[in-house]
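Please read the structure below before turning to the comments.
The values are calculated or read from the model by the stated rules, or taken from the named source; none is laboratory data. These numbers come from a predicted model, not from an experiment. As a convention, Cβ positions derive from the backbone with ideal geometry for all residues, glycine included, and neighbour counts pool all protein chains shown.
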Amino acid sequence: MTERALRVGGRGFLPLYALAWAGAAIAYTPFLTILLPVRIEMIAGPASVHWLAVTTFIGAIAASIANILFGWASDRSGTRRPWVLAGLLLSGGLLMLVPHATTLPVLTTLIIGWQVALNMMLGPLAAWAGDVVPDRHKGLLGGLLAFAPACGALTGALVTIPGLADPSARLTWVAAITAACIAPIILLGAGRAPGQETQSPAQAAAPIPMLRAMATRMWFARLLIQISEAALFAYLYVWLRGIDAGFGDAGVARLLAIVLLLAAPAALAAGYAADARRRPTLPLQISAVVGAAGLMLMALADSGPAAATGFLIFGVSTNIFLALHSAQTLRVLPDARYRGRDLGLFNLTNTVPSLIMPSLTLGLVPVLGFPALFAVMALLALGAAWMLRGVSIGAADRQA
């Protein structure tokens, strides 16, 4: 693949893709974390917690199925662009219908439809990077993806500024910003038919069984990290308040913002170094081990500053891991003709933890407390690092 294939209209594909992926995060982060809970509370009142849990659970199942389905559909159609455009338009349109849903069943149905439409965009968009970006730029790609969560969080803070917009207008703002971020890649982004290789010659020649084994290890490594992250973020506020009653919601929000702002440039530097040294999984292993160290600090913390320090170490390292993992996964998919479908299967690592996490937490915290939970999570993070020892995608590149 030539460098020219990464350029359209004088712009590099990587910045276009990074902007589009940031738009994808903007599409769902403010809505799921702030705007949807507010809307459910307006309708459900005291029953809002129950309805939010039901809506989130059903929506996650719909999202998982849709991500696999539309990733596969874009594989079969031989193009990603129309699916991304259709998903963008449908999800934006459904988002703006939310203020008109006045009953909980109607709202839940609308959210399910929105999740399906959103993943009509997300599944093909994720695979698009695999079609175009060559292996030698996968680390840089992962580093750029790390900016997406921060963009989603900042957009949530922007649209909720008091006096800027009413609840209905906030959703319009989210849809408009999302469209502004994703439209450039639809209009200008390079495209290749699914199945055309972007790997190095040595990696493209790797036996299919070896790639499947590596993909399996990558899948489980991400799952282990995601379980740790899901369990922690669900109970971060409760844990911090238990150690230091001075932690309020504003303090926790600032801590989360610091994590995202530190993780993005760190992931970019780590991804660039991984490309330069042709050691694509090394930053993943290091960040998993550092994340485990942060969790052990949290298990031992007996003061607010110690707890915050441990969380910062864990949060930054796992954000680096997840961003770089998303890009490096593209190296080990066994069949380039079905990378959209296979990435949908990898997306299950984002939803399965929500099913595992409650049992893990309820089994440990009431009896042994949060330190025991963090110790188990540290073992999971070390398990992720161990899993990646068997992923030898760097060796093929060094031989190329």
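What to note about this one:
- Tally of residues being within 21 Å of the chain's Cα centre (by Cα) and either outside any helix (DSSP H, G or I) or not assigned by TED's automatic domain parsing to the domain that holds GLY123 (or both) across the range 32-90: 1
- Selection over the range 252-287 of residues that are closer than 19 Å to LEU236 by Cα and touching a helix residue (DSSP H, G or I) at 6+ places or on another chain (Cβ under 9 Å) gives a count of 11.
- Exactly one residue out of LEU88, LEU122, LEU107, LEU97 is crowded, with 19+ Cβ neighbours inside 10 Å, farther than 22 Å from PHE346 by Cα, in contact (Cβ under 8 Å) with a residue 12 or more places away in the chain and not hydroxyl-bearing (Ser, Thr, Tyr): that is LEU107.
- Which listed residue, of LEU312, LEU345, LEU333, is farther than 23 Å from GLY152 by Cβ, surrounded by fewer than 20 Cβ atoms within 10 Å (Cβ to Cβ) and touching a residue at least 24 places away in the same chain (Cβ under 8 Å): LEU345
- Among the conditions (1) part of a helix (DSSP H, G or I); (2) out of contact with any Phe, Trp or Tyr (no Cβ under 7 Å at 6 or more places or on another chain); (3) at pLDDT below 95, GLY340 misses just one, which is (2).
- Condition check for ALA269: in contact (Cβ under 8 Å) with a residue 40 or more places away in the chain and under 22 Å from the mean Cα position of the chain (by Cα): yes
- For the range 128-179, the tally of residues that are of a type outside the set (A, V, I, L, M, F, W, C) and either assigned to a loop (DSSP other than H, G, I, E, B) or not assigned by TED's automatic domain parsing to the domain that holds PHE31 (or both) stands at 5.
- Identity of the residue in the range 206-238, in a helix (DSSP H, G or I) and more than 24 Å from the chain's Cα centre (by Cα), that ends up farthest from MET387 (Cα to Cα): ILE208
- Taken as a whole, the structure places VAL116 among residues that are part of a helix (DSSP H, G or I), surrounded by 19 or more Cβ atoms within 10 Å (Cβ to Cβ) and in the same structural domain as TYR17 (by TED's automatic domain parsing).
- Subset tally (residues that are farther than 20 Å from ALA270 by Cα, surrounded by fewer than 23 Cβ atoms within 10 Å (Cβ to Cβ) and of a type in the set (A, V, I, L, M, F, W, C)) for the range 292-307: 6
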